[in-house]
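Enquirer: Provided herewith is a single structure, encoded as structure tokens, for subsequent inquiry.
The values are calculated or read from the model by the stated rules, or taken from the named source; none is laboratory data. A quick note: this is a predicted structure, and the numbers were derived from the prediction, not measured. Cβ atoms come from the backbone with ideal geometry, glycine included; neighbour counts cover every protein chain shown. Note: accessible area is taken over every heavy atom of the protein model, side chains too, but ligands, DNA and RNA are not part of it. Shrake-Rupley method; radii C 1.70, N 1.55, O 1.52, S 1.80 Å.
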Amino acid sequence: MEVTITSENFETLKNGNTPLVVDFWAEWCGPCKMISPVVSQLAEEYDGKIIVGKCNVEEAEDVAAMMGIRNIPTLIFFKNGQEVDRHVGAANKAILQQKFDANI
């Protein structure tokens, strides 16, 4: 499942029973556009096992600041409300799939 992360829903999703991965991105970011289709594909493949959130850093600046986002794209994996992994930069599907597998 893929959802839009906002200031209003971030804490609820982060603290939910289903693991969460948040893709921090921006419209102007080339590497973000490169991995976006891969992240969306993984969201479909892992539907029911992990929630994939897309967080536009310009629309949810407070969430990005709270998570210490300095470079994008950044993917942060959460379990039980805690950050368990972080990936910064573009990557191919195989690398991202390994991260998904390790964090569900």
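Enquirer: Computing the accessible area with a 1.4 Å probe over protein heavy atoms, can you report the carbon and sulfur percentage for region 30-104?
Expert: 47
Enquirer: Give me the extension gain from Ala65 to Met34: residue separation times 0.36 nm, minus the current Cα-Cα distance, reported in nm with one decimal.
Expert: Separation in residues times 0.36 nm, less the Cα-Cα distance, equals 8.8 nm.
Enquirer: Mind telling me which of Lys33, Lys14, Lys54 comes out most flexible in a GNM of the chain, alpha-carbon contacts under 10 Å?
Expert: Checking each option, the largest mean-square fluctuation is seen for Lys33.
Enquirer: Quick one: accessible area per residue over the chain, 1.4 Å probe, rounded to a whole number of Å²?
Expert: Result: 52 Å² per residue.
Enquirer: Just flag the GluC sites (Glu not before Pro) in region 40-104 sitting in loop per DSSP whose Cβ has no more than 16 other Cβ atoms within 10 Å.
Expert: Glu58, Glu59
Enquirer: Determine ³J(HN,Hα), in whole Hz, for all residues of region 5-18 in sequence, where each value follows from phi through the Karplus function 6.51 cos²θ - 1.76 cosθ + 1.60 and θ = phi - 60°; x replaces Gly and Pro.
Expert: The phi angles translate into 8, 10, 4, 6, 10, 4, 4, 4, 5, 4, 8, x, 6, 8 Hz.
Enquirer: Still on this structure, I have one more. For Gly53, what residues show an amide H to amide H distance below 5 Å, using hydrogens built from the backbone and excluding near sequence neighbours?
Expert: Result for Gly53 returns Val3, Val21, Val22, Asp23.
Enquirer: Answer with a single label: of (1) 0.91; (2) 1.10; (3) 1.21, which was calculated as Rg/Rh (Cα atoms, Kirkwood Rh) from the structure in view?
Expert: Looking at Rg/Rh (Cα atoms, Kirkwood Rh) for this model, the match is (1).
Enquirer: Return the calculated 222 nm mean residue ellipticity for the chain, to the nearest 500 deg cm²/dmol, obtained by summing -39500 (n - 2.57) across DSSP H runs with n ≥ 4 and dividing by the residue count.
Expert: -10000 deg cm²/dmol
Enquirer: For Val39, Val84, give the ranking by accessible area with the largest first, probe 1.4 Å.
Expert: From most exposed to least exposed: Val84, Val39.
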